[in-house]
Amino acid sequence: MADKIVGLRVFADDEGKMNRSLLDVSGDLLVVSQFTLYGDTRKGRRPSFIAAAPPEVAVLLYEQFVACLRARAGGRVETGEFGAMMDVELVNEGPVTLMLDRE
């Protein structure tokens, strides 16, 4: 998955087309753990987190993912604090939001 993320062509080239990857633009990454992204709302209005990994498993997966990104990204890879309440400020540039998922 790390290879896919750093290789995604989501940055604009000189013609404004999404043809450049993180590697092409020498970009940096911020990785923030978000177990709440795994909230399942198919059965009602209150999210269920039953399918989310338990913390002792999730933190290892998170750390492995960050290590893979650091090995492949070329630039800086910064992280938040796993499991902590954090205020993250973001400027989302562009009309595109991607959700990466795999079975």
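The numbers here are math on the coordinates, done by the rules we state, and not lab data. All figures in this text were calculated on a predicted structure; none of them were measured in a lab. Don't worry about glycine lacking a Cβ; one is built from the backbone with ideal geometry, like all the others, and counts go over all protein chains shown.
Restricting the first member to region 12-28 and to residues that are over 10 Å from A73 (Cβ atoms) and without any contact (Cβ under 8 Å) to a residue 40 or more places away in the chain, and the second to residues that are aromatic (F, W, Y) and not in a loop (DSSP other than H, G, I, E, B), the beta-carbon pairs closer than 6 Å and six or more apart or on different chains are R20/F11; V25/F11.
Please go through region 2-49 and give me each residue that is in a loop (DSSP other than H, G, I, E, B), of a type in the set (S, T, Y) and within 16 Å of the chain's Cα centre (by Cα), ordered by number.
Restricting attention to region 2-49, the residues satisfying the condition of being in a loop (DSSP other than H, G, I, E, B) are 8-10, 13-17, 21-28, 32-34, 39, 41-47, 49.
Still in the running and of a type in the set (S, T, Y): 21, 26, 33, 41.
Scanning region 2-49 gives S21, S33.
Has region 64-75 got any residue that is loosely packed, with under 14 Cβ neighbours inside 10 Å and of a type in the set (D, E, K, R)? Checked against the condition, which is being loosely packed, with under 14 Cβ neighbours inside 10 Å and of a type in the set (D, E, K, R), region 64-75 yields no hits at all. Of the residues that make up region 50-68, is at least one in a helix (DSSP H, G or I), of a type in the set (S, T, Y), more than 19 Å from L8 (Cβ to Cβ) and out of contact with any Ser or Thr (no Cβ under 7 Å at 6 or more places or on another chain)? Scanning region 50-68 turns up no residue that is in a helix (DSSP H, G or I), of a type in the set (S, T, Y), more than 19 Å from L8 (Cβ to Cβ) and out of contact with any Ser or Thr (no Cβ under 7 Å at 6 or more places or on another chain).
Screening M99 with (1) over 30 Å from V25 (Cα atoms); (2) assigned to a loop (DSSP other than H, G, I, E, B) gives one miss only, at (1).
Please verify whether G74 is in contact (Cβ under 8 Å) with a residue 60 or more places away in the chain and either of a type in the set (F, W, Y) or more than 19 Å from L98 (Cβ to Cβ) (or both), treating the condition exactly as stated. Criteria met by G74.
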